[in-house]
Amino acid sequence: MSTLLFEGKSISAFDYRCRAGPTDKPFVELHDGFTVSYVRKGSFGYHARGRSFELVAGSILLGFPGDEYMCTHEHVCGDECLSFALAPILVEEIGAGARYTPVWRIGAISPMPELMVLGEAAQAAAEGKSTIGLDEIGTSLAARLVETVSGRQQNPVAADPRDRQRAVEAALWIDGHSGEPVDLDGAAREVGLSPFHFLRLFKQVLGVTPHQYLIRSRLRRAARLLADSRRSITDIAFDVGFGDLSNFVRTFHRAAGVSPREFRRATGGSRNAPAARLEVLWRRVP
């Protein structure tokens, strides 16, 4: 079963859950694009280009367009993967010219700490438990994979004055559109940069990723509305850009140390909050 988690022009994310077991007959499939799949649970066999791999939790499967492959489940029943589909232009940008082609055709990678930590970070983002965007962490995972396998690290970002101005302009644009759907592709397009370069530049100049800045902008607006109005928490959550109330409550609590309701109670929903209640709130804010 495949579930689309995020869809963008340069990268998309899918949740794959397979329930096949030893008695199920394997069949030939075809990679229709570049993919990076992080195995988060279970185990399966992967057979491609005359090679066979046994993948377990923490392994990574790489897909190359046009390659045929077959998955088997001879030992256990079922597996779960978080998979990223990368547009060719993104693959090229993160380091996949002719000399990097073998990286994408190695089939699979055994569990490696430097990749597993990003895989788990990506899973946290997929579950709404992280302020990093799923498109951002997917791009970072693919870039780290290329670095790790090829042994060639990306050159550090050198931000000239124009680049720094672009990062600031992007932050202002994100802040002005924080109540709307904003993704890495859209923000990068506004300042005339590719998503991969934009992600690295924004983080280098401002110290946070574009999605982290977006979430903080939304939280800032939410805190202001909670303190200064008596609108419902649900209305505030959707108005500032959160598409899910539970995600808003969880994110706000993680940032402020208290729930939106507790924050409103402490501030009184107006300027007349009792000092004692405010003192309790400020002691809990990290």
- In the range 172-209, anything among the small types (G, A, S), assigned to a helix (DSSP H, G or I) and more than 18 Å from the chain's Cα centre (by Cα) is listed as G176
- Just a yes or no: is a residue in the range 33-50 open to solvent by 60 Å² or more (accessible area, probe 1.4 Å), assigned to a strand (DSSP E or B) and not charged (D, E, K, R)? no
- Task: Would you check which residues across the range 63-84 are closer than 21 Å to S150 by Cβ and either open to solvent by 10 Å² or more (accessible area, probe 1.4 Å) or at pLDDT below 85 (or both) and list them?
- Result: F64, P65, D67
- Message: Can you tell me which of (1) surrounded by 13 or more Cβ atoms within 10 Å (Cβ to Cβ); (2) closer than 14 Å to L193 by Cα is the one R162 doesn't meet?
- Response: (1)
- Item | Count of the range 51-62 residues which are open to solvent by less than 20 Å² (accessible area, probe 1.4 Å) and not in a strand (DSSP E or B) | 2
- Check the range 219-233 and report whether any residue there is farther than 22 Å from E7 by Cα, surrounded by 14 or more Cβ atoms within 10 Å (Cβ to Cβ) and under 21 Å from the mean Cα position of the chain (by Cα). yes
- Task: Return the total of residues in the range 119-141 being hydroxyl-bearing (S, T, Y), open to solvent by 30 Å² or more (accessible area, probe 1.4 Å) and touching a residue at least 12 places away in the same chain (Cβ under 8 Å).
- Result: 2
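A quick yes/no check of all residues on (1) open to solvent by less than 20 Å² (accessible area, probe 1.4 Å); (2) of a type in the set (G, A, S):
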{"site": "L86", "(1), (2)": "yes, no"}
{"site": "E92", "(1), (2)": "no, no"}
{"site": "G95", "(1), (2)": "yes, yes"}
{"site": "V117", "(1), (2)": "no, no"}
{"site": "A143", "(1), (2)": "yes, yes"}
{"site": "V146", "(1), (2)": "yes, no"}
- Message: Looking for something over 28 Å from A187 (Cβ atoms) and modelled with pLDDT under 95 - is there at least one such residue anywhere in the range 85-96?
- Response: no
- Message: Being in a loop (DSSP other than H, G, I, E, B), closer than 27 Å to I94 by Cβ and charged (D, E, K, R) is the filter here; which residues of the range 11-32 pass it?
- Response: D32
- Query: Can you name the condition, by its number, that A158 falls short on among (1) modelled with pLDDT under 95; (2) out of contact with any Gly (no Cβ under 7 Å at 6 or more places or on another chain); (3) assigned to a helix (DSSP H, G or I)?
  - Reply: (3)
- Query: On the given criteria, is D175 more than 17 Å from G243 (Cβ to Cβ) and not hydrophobic (A, V, I, L, M, F, W, C)?
  - Reply: yes
- Task: Give the residues of the range 1-14 that are out of contact with any helix residue (DSSP H, G or I) (no Cβ under 7 Å at 6 or more places or on another chain) and surrounded by 14 or more Cβ atoms within 10 Å (Cβ to Cβ), sorted by residue number.
- Result: S12, F14
- Note on the structure: Restricting the range 165-218 to residues that are among the acidic types (D, E) and open to solvent by less than 60 Å² (accessible area, probe 1.4 Å), the one farthest from F6 (Cα to Cα) turns out to be D175
- Item | Output for the range 105-115, where each listed residue is open to solvent by 60 Å² or more (accessible area, probe 1.4 Å) and part of a loop (DSSP other than H, G, I, E, B) | R105, S110
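The values are calculated or read from the model by the stated rules, or taken from the named source; none is laboratory data. A quick note: this is a predicted structure, and the numbers were derived from the prediction, not measured. Positions of Cβ are generated from backbone atoms using ideal geometry, with glycine treated the same way; all protein chains shown enter the neighbour counts. What goes into the accessible areas is simple: the full protein's heavy atoms, side chains included, and nothing from ligands, DNA or RNA. Shrake-Rupley method; radii C 1.70, N 1.55, O 1.52, S 1.80 Å.
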